[in-house]
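First up is the structure itself, then whatever we jot down about it.
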Amino acid sequence: MTLTEAPDTEVPDTDAPDTEAPDDDRTAERADAARNRARLLAAAARLVAEQGAQSVTMQEVAEAAGVGKGTLFRRFGDRDGLLLALLDEAEAEFLEAYTSGPPPLGPGAPARERLVAFGSALFERMAEGGDGDGGGGGDGGGDSDLGAALGRQLLHERRQASDTARAFHQHVSTLLREAGVEGDHEMLAHALLAFANFEAADFLRKERDVPVERLRATWADLVRRVTRAEEGARAPE
């Protein structure tokens, strides 16, 4: 997955537009700020693809983007903030796939099938994202999934607070409701997604030699048990 690169021409940093400026000037400043943000994220994406997320520093991103390091910190706060912003950008394609793409991942299939497809896609993307090198592994090659590679480098707490994680949780919770599952959909969604996080999946794959096919099958089994349990409870009625 690649991000559209911003033009090489640097534009002034305009994080704090002058409140006294005319409307046209403020509009231009906001456009400059958006271009600067895109420029920084494009530079970060290139570096992650070339050497892996765990090796990328704020100084390297600033130099690649042609801006001062202070600009980078003002925009994103810290390195995790930058990676979170890059993660949300990189996940746009997957978001489109499970919200408006073809079934069974996208709309048009029964909710249970969509849940199975969603978890299966998550585990496949974790495998494509590698085992922790965060991207190209330093040689610039490979087809690693950028979103998965970035997510693996973020602390669990920061990742869970991201727009991407919230979207995943909302999606699973909604599908559980559509599948007719009774109970606390929000907590059930957390329980399912806890199995499909990087820490659990990487431990099982690397320390227990569990293949991704088995992880996918177990996710499908969990989904079927949750949905069938509710069907069984309603059957006597």
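The values are calculated or read from the model by the stated rules, or taken from the named source; none is laboratory data. Keep in mind the model is a prediction, meaning the values are calculated, not measured. Counting neighbours? That spans all protein chains shown, and the Cβs are built from the backbone with ideal geometry, glycine included.
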**Asked** Got at least one residue in the range 203-225 being of a type in the set (Asp, Glu), surrounded by 12 or more Cβ atoms within 10 Å (Cβ to Cβ), at pLDDT 95 or above and over 14 Å from Met126 (Cβ atoms)?
**Response** no
**Item:** Where a residue in the range 186-204 is in contact (Cβ under 8 Å) with a residue 40 or more places away in the chain and under 18 Å from Ala167 (Cβ atoms) and its partner, wherever it lies, is charged (D, E, K, R) and outside any loop (DSSP other than H, G, I, E, B), with Cβ under 9 Å and at least six apart
**Value:** Asn197/Arg159; Phe198/Arg152; Phe198/Arg159
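Restricting attention to the range 183-199, which residues are assigned to a helix (DSSP H, G or I) and surrounded by 16 or more Cβ atoms within 10 Å (Cβ to Cβ)?
Our first condition is that a residue be assigned to a helix (DSSP H, G or I); within the range 183-199, this holds for 185-195, 198-199.
Hits for the range 183-199 are His185, Leu188, Ala189, Leu192, Leu193, Phe195, Phe198.
For the range 45-69, give me each residue that is part of a helix (DSSP H, G or I) and in contact with an Asp or Glu (Cβ under 9 Å, 6 or more places away or on another chain). Quick ask: steps written out before the conclusion?
The initial filter retains those residues of the range 45-69 that are part of a helix (DSSP H, G or I), namely 45-51, 53-55, 58-65, 69.
If the condition is that a residue be part of a helix (DSSP H, G or I) and in contact with an Asp or Glu (Cβ under 9 Å, 6 or more places away or on another chain), then Ala45, Arg46, Leu47, Glu50, Gln51, Ala53, Gln54, Ser55, Met58, Ala65, Lys69 are the ones that fit.
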**Fill in**
Residue pairs qualifying under the 9 Å Cβ cut-off, at least six apart or on distinct chains, with the first in the range 101-115 being assigned by TED's automatic domain parsing to the domain that holds Ala220 and under 13 Å from Ala220 (Cα atoms) and the second being part of a strand (DSSP E or B) and modelled with pLDDT of 95 or more, are Arg114/Pro107
**Request:** Within the range 147-167, work out how many residues are part of a helix (DSSP H, G or I), of a type outside the set (S, T, N, Q) and more than 12 Å from Asp88 (Cα to Cα).
**Result:** 5
